[in-house]
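The values are calculated or read from the model by the stated rules, or taken from the named source; none is laboratory data. Note that the coordinates shown come from a computational prediction; the quantities given were computed from them, not determined experimentally. Cβ coordinates were reconstructed from backbone atoms using ideal geometry, including for glycine residues, and neighbour counts include every protein chain displayed. These accessible areas exclude ligands, DNA and RNA; they are computed on the full protein's heavy atoms, side chains included. Shrake-Rupley method; radii C 1.70, N 1.55, O 1.52, S 1.80 Å.
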Amino acid sequence: MPPLDADTLLMVIAVFDAVACVVWLLLGEALRIAPRAARLIAAHHGLLALSWWPALPASLEIPVSLPLSVVASGLLTAGIRGLMRVRYTLNDIVAIVVVALVAAALSYPHLAAARVVDNVAGAVLVLMAARDIAVGAGFGLVLTSAVLLPYAVLGGVCLWRAADLLGWLPPAMSLAGMTDNAPLALLRLVVNLTIATGLVALVLQRLIARVRHLTRRDALTGLLNRRALEELLARLQAQVDRGRRHALLVLDVDHFKRINDELGHAGGDAALQHLATVIGDTLRDTDAFGRLGGEEFAVLLPDTDLAGAMLVAERLRRLLQERPLDWDDKTWPLSASFGVAMMRREDLQGRGALARADAAMYAAKARGRNRVLRCPDDAEFA
């Protein structure tokens, strides 16, 4: 079987990028997965398919192929930044692309100078994309390194090619362009494939994170839902069994039915969201706050004794009372009843503490509401 020539490999690269363009459009428009970033990456592949098309005459390299390549690199970097969500400003990317296009235009008709601009700009942009991936990917070290490898290879080859065009390398290290260099074209095809694979992995990671968020968060308040709270309780219970001390608060909005009757269900939802904001803003980063259901919430307080938990509950009760709900030109006072319990050894996945705190909360309601009570038999655990 004869070896593949450069033109054939360029055709394969162009076809691959054309297919990738369609795939990313489907991901963004049909499946609504990171639509803005998907459009940018689709445009990147579309422009690359045009710039690498071997049927283009050599006379169009400076006015067409090289500018398309620079813009495509900028679109890839912008799309990756959108996927990573590390920062959304694109000013630096736009500035690099514009400067490269102007420099390439000024170099006309000197092909070598235009190629230097293309390679330098491509290297800078691809290394910027690699930096954003390193910051925002969320993978482990080994997987992040594997995802970053093709970017490092592509950036290194671009700089090598630019240095060669500038005459900075000895003849033995000279590197011909892809139109005359089948091994380099094959390397570019492999790099394109691995970059595409890495981007799909990043999208899948984002999709999994979104699904995980939806399965662990309450849709109305954005707090942890009951399932997530129970999972965290089970983990904390294992720590309690090894000697650490954790506390649990359960709170229920007082007279919530009256709020719904007076303000409507939209007002009731606003009251729950208001409570979530007021209490959530004052808790520690190590605390966990979630909605058990209806108007009932729970706060997990790691490494907190009974006295400390009582102080936290009383502070939250006062804070909620001092910050009424403003809704539909009305100011509606809010209060809650709190039950406090310590987690104990041998509790089954923390459910005992939840039941004791819940019972203390109902006792607080029976004694007039808007108060804090602890589980009566927690004194020996204080």
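Some points to look at:
- Built amide H within the under 5 Å cut-off of L325, gap 5+: W332, L334
- GNM result for the chain, Cα springs below 10 Å: residue of A37, A366, A288 fluctuating most strongly: A366
- Around L189: net Lys/Arg minus Asp/Glu count, Cβ-Cβ under 14 Å: -2
- MRE, 222 nm, helices only [DSSP H, n ≥ 4, -39500 (n - 2.57), over the chain, to nearest 500]: -21000 deg cm²/dmol
- Accessible area per residue (1.4 Å probe, heavy atoms of protein chains only) ranks I96, I13, I33 as I96, I33, I13, with the largest value leading.
- Relative contact order (percent, whole number), segment 98-206, Cα cutoff 8 Å, 6+ residue spacing: 26
- Note on C375: accessible area approximately 10 square angstrom, rounded to 10, probe 1.4 Å, nucleic acids and ligands left out.
- Along the chain, longest interval not containing exposed chymotrypsin sites (Phe, Trp or Tyr not before Pro), exposed being DSSP loop plus at most 15 other Cβ atoms within 10 Å: 169-382
- Summing Lys and Arg as +1 and Asp and Glu as -1 over all other residues whose Cβ lies under 11 Å from the Cβ of N225 gives a net charge of +2.
- Each Cα pair under 8 Å and six or more residues apart adds its separation to the average, and for segment 223-313 the resulting relative contact order is 46 percent.
- For the pair segment 102-164 / segment 246-265, the C-alpha centres are spaced 56 Å from each other.
- Value in Å of the Kirkwood radius, where the chain supplies the Cα pairs that are averaged: 25.1
- As a ratio to 2.2 N^0.38 Å, the alpha-carbon radius of gyration for segment 264-362 is 1.15.
- Protein-only accessible surface at a 1.4 angstrom probe places the residues T331, T215, T144 in the order T331, T215, T144, largest first.
- In summary, segment 163-286 shows an alpha-carbon radius of gyration equal to 2.08 times the 2.2 N^0.38 Å reference for compact globular proteins.
- Amide H contacts of R374 (H built 1.01 Å from N, in plane; Pro and chain starts excluded): V340 sit under 5 Å, all sequence-distant by 5 or more or on other chains.
- Restricting segment 2-94 to trypsin sites (Lys or Arg not before Pro) in coil, as DSSP defines it, with at most 14 other Cβ within 10 Å: R32, R85, R87
- Contact order normalised by residue count of the chain, Cα under 8 Å, 6+ apart, percent: 12
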